[in-house]
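For reference, the structure discussed in these notes is given below.
The values are calculated or read from the model by the stated rules, or taken from the named source; none is laboratory data. Remember, it's a predicted structure, so these values are computed and weren't measured experimentally. Heads up, the Cβs are rebuilt from the backbone with ideal geometry, glycines too, and the neighbour counts pull from every protein chain shown. Just so you know, the surface numbers come from the protein's heavy atoms only, side chains and all, with ligands and any DNA or RNA stripped out. Shrake-Rupley method; radii C 1.70, N 1.55, O 1.52, S 1.80 Å.
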Amino acid sequence: MPRSRDWPAEAPRTRLQVTAGLAGLEAARQAWQRLAAGRAVGERTAYRVELVLEELLMNVALHGLPGPAAPPVTLTLVLADDAVGVQIEDEGPPFDPHAEPAAQAADADADAGGRGLRLVRRNVRRWQHAREGGRNVQRLEIARD
Amino acid sequence: MDFTLSEMTPTITLVALHGRLDAAGTERIGARLGEALAQGGRHVAMDLSGVSFIASMGMRLLVGSARTLQQQGRRLVLFDAPELVLQALQDAGLDLLMPCVESRDAALARLAG
């Protein structure tokens, strides 16, 4: 999590383990929807959160370690008044999203991953990456509309 | 995610997509959509009014379709996308390869011209 002092203690949050893949993505979406229910989350915000979850979880699934078909990911969601915090932790190979080259759209297949990361970048106001204790930790912040 | 196919004019096929163009939706329809578009030889107008969400894998499907059609001298025009879907397509810079217009009539005009 962005250091806990960045998020108000009373902000609703949820933390869960999911697998990086289609089933885990669905579980992540449902957890987000439960957190957001009845809390006046705008449509654009909701879209952005779902986009982040989709792109980053599928990125772990596609680029993670060989081994389990769907590697485990720890997901934390925080719903503050002005922003949504998303933290995704995985044990895959080191991944630095900011080091990815901005791919040109020369080839649809090769560019899909680059396109996904660029979409995330366009839709978050902060994206920190860290390598901590053998895990990739992505911390993202989505402004609320 | 699902889709329907029909004849819009003798030279234009209408495809209407319904649901989420996410990883799950793409996996569900990707192969069938490819097969359906491979037939016919017509230009394609794609109605996105029923699409509630699109992310990179859905975009990859659309781009792949557009490129395959292009290789056959056929064109793809999208129309009537919800605002957030249109915004996502624009964010990804795809609106040049796959123009997204406002209405069915605008799509017809674009493809007939």
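Can you check what the net charge comes to around A:T19, using other residues whose Cβ is under 14 Å from the Cβ of A:T19 (Lys, Arg +1; Asp, Glu -1)?
Surrounding charge for A:T19 is -3.
Could you state how much accessible area B:M46 has, in square angstrom rounded to the nearest 10, with a 1.4 Å probe and all protein chains kept in place?
That residue has around 0 Å² of solvent-accessible surface.
At 7 Å along the Cα-to-beta-carbon direction for both A:D82 and B:Q39, put a label point, then send me their distance in nm to one decimal.
Once both label points are built, they end up 5.6 nm from each other.
I want to check the label-to-label distance for B:Q90 and B:H18. Put each point 7 Å from Cα in the C-beta direction and report it in nm to one decimal.
Between B:Q90 and B:H18, the simple spin-label model gives 2.8 nm.
Cα centroids of segment B:1-71 and segment A:33-94: how far apart, whole angstrom?
Here the answer is 27 Å between Cα centres.
With viscosity set to 0.692 mPa s at 37 °C, what whole-number translational diffusion coefficient in µm²/s follows for the protein assembly as shown from Stokes-Einstein and a Kirkwood radius over Cα pairs?
Reported coefficient: 171 µm²/s.
Can you give me the P(r) profile for chain B? Cα pairs, bins 5 angstrom wide beginning at 0, each as a whole percent.
Pair shares across the bins are 2, 13, 25, 29, 21, 8, 1, 0.
May I ask for the accessible area buried between chains B and A, both sides summed, probe 1.4 Å, to the nearest 100 Å²? Could the numbers behind the result be given before it?
On the way: alone 6000 and 7910 Å², together 11980 Å².
Heavy-atom accessible area buried at this interface is about 1900 Å².
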